[in-house]
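Below is one structure; the comments refer to it alone.
The values are calculated or read from the model by the stated rules, or taken from the named source; none is laboratory data. All figures in this text were calculated on a predicted structure; none of them were measured in a lab. When we count neighbours, we look across all protein chains shown, and the Cβ atoms used for this are built from the backbone with ideal geometry, even at glycine. Surface accessibility is based on the protein's heavy atoms, side chains included, excluding ligands, DNA and RNA. Shrake-Rupley method; radii C 1.70, N 1.55, O 1.52, S 1.80 Å.
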Number of protein chains: 2
Amino acid sequence: MLTISQLAATAGVTVRTVRHYHHVGLLPEPDRDASGYRSYSAQAAVDLIRIRTLADAGVPLARIDALLHAQPTEFAAAITDIDVELQRRIDQLTEYRRRIAELAGGERLVLPPEVVAILNRMRDLGIGERRVRLERDAWILMRALDPHAVPQRIRDKNAAFDDPGTTRLYLACDRAVDWDPHDPRLDRLIDDLDAWEISHERDSGRSGYLKLVISRISEASPAWQRIVAVLTHRAEQRRTAEHNS
Amino acid sequence: MLTISQLAATAGVTVRTVRHYHHVGLLPEPDRDASGYRSYSAQAAVDLIRIRTLADAGVPLARIDALLHAQPTEFAAAITDIDVELQRRIDQLTEYRRRIAELAGGERLVLPPEVVAILNRMRDLGIGERRVRLERDAWILMRALDPHAVPQRIRDKNAAFDDPGTTRLYLACDRAVDWDPHDPRLDRLIDDLDAWEISHERDSGRSGYLKLVISRISEASPAWQRIVAVLTHRAEQRRTAEHNS
DNA sequence: TCCAACCCTGACGCAGGGTCAGGGTCAACC
DNA sequence: GGTTGACCCTGACCCTGCGTCAGGGTTGGA
């Protein structure tokens, strides 16, 4: 006959665990000796080890009781389920290992590889990290708000970077972020952007596209705010002129 | 800007989880909009995903905060630790899969292979399942109470089964379990056991060995109880006789 | 006889959320 | 402009599977 700590040691659990199983009715309370100590049979050890085997495998205690009293057929089916679940958890942990390894590596965790590639393309072009981060944030918001639009946008962006003219403008905008809003170079840049917008509006049918791209991230830069304001004004004028003609 | 459910969906968690992280101070409370709704930036999505990546890997929430604000060196060391721990859990789950598969298979889970082999040897000899179970329980108790003695006992048992005479006696005992205590065949068996005990006492230097083996499991059988009683009595007489001579 | 190492019951604590109560908002359609 | 359904808010209790503490009694060896 075993004391509770001997039983617990046999199954590799704590005394508290055994008492817990009594409390929830999973392991029957054994007889007591003269002084009220619980006194266990070898069968209790067998039962406890079977319980632990299932509990270790992640079966909730509440299910174990029913399981151990089930018919062999149901039991076998349940075992198969549990095994499948275990394998699933193993795969999951393996996946988590992969992700953990990427934790140090910036945006790889948050964005799909195609977008990460675009961000890296921007870095390769020499665009500043601050601007790249704004771009990253824009992608994150887009994915949360309108995931449907992401694939098309990926194509557009890549097309833009495939075009040297557009790329040059992009770089120019990036450098302009710290300029004074009244810097004379800004006027030349605005002219270029306006011309770019006119030609690309014709191509793609989308209007105000450039303004949209810049506006969401222009809060931090007075120069960009001026760009947006002037471009908006000019587009307005063009529409009025067309209307009058 | 994102609402709480959009943010939660982006990271694949529930709204409740995000609020929980605010509550424990893991994720900073964002600004509110005019109606008191939380309004999240893209950076919050990045933070949340990083938190989940660590939490999924089993890092307690309480540690995550410190971890994300740690120096790159410490951070890298912690990541290595976490990865090691993940691998350990994967190995553990794999082991649990193995054990689960053995759940249907009786005592394999509870006893070391050498003992299982002995039990199977008993079955092969034609010893009844009831007796085998009693033997199994004896082994379990022995392992719990005096694990040190197990290896020697394994050798003894195997030696006993290697000896045809002993094996025959074992089988005879097994069949006697259901006999009436006054069955005349029992007297012949007792004589044989007594002779066996005398000769083996000389060999091994252990005395009362047989009685010890049987006594613990004789509760269920009146015939065995009589065997133990008679053998004890005779051994007593022998000791008295030796003393007087 | 004393001490450490057991045993007992009962109760609270913990992570990581789930879930309900009781209420306010928003957007769209009729 | 009213209704509907999907959101949002706070606060509070519930869950699992034990750990841990409190406040005792028992046992076995030096």
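Worth pointing out:
- Summarising the rotation from chain B to chain A, the nearest chain B beta-carbon to the axis and its distance in Å are given as B:ILE90, 3.
- Shape of region A:108-162, Cα gyration tensor, a/c cut at 1.5: oblate
- Helix-only arithmetic for the protein assembly as shown: the sum of -39500 (n - 2.57) across DSSP H runs with n ≥ 4, divided by the residue total, places the mean residue ellipticity at 222 nm at -23500 deg cm²/dmol.
- Helix axis angle, B:184-204 relative to chain B longest principal axis, alpha carbon, degrees: 70 degrees
- For the pair B and A, the buried accessible area comes to roughly 3900 Å² in total, with a 1.4 Å probe and the value rounded to the nearest 100.
- In the elastic network of chain A, a GNM with C-alpha springs shorter than 10 Å, the most mobile of A:LEU169, A:LEU68, A:LEU189 is A:LEU68.
- The other copies place their B:GLU29 label points at 4.8 nm from this one, listed shortest first, where each point is 7 Å from Cα along Cα→Cβ.
- Normalised per residue, the accessible area of chain B is 56 Å², obtained with a 1.4 Å probe and no contribution from ligands, DNA or RNA.
- Put the Cα centre of region B:12-65 next to the Cα centre of region A:84-155 and the gap is 18 Å.
- Built amide H within the under 5 Å cut-off of B:VAL110, gap 5+: none
- Gaussian network model of chain A, springs between alpha carbon atoms under 10 Å - residue of A:LEU93, A:LEU231, A:LEU26 with greatest fluctuation: A:LEU26
- Acute angle (nearest 10 degrees) that the helix A:150-162 long axis makes with the longest principal axis of chain A, alpha-carbon atoms: 50 degrees
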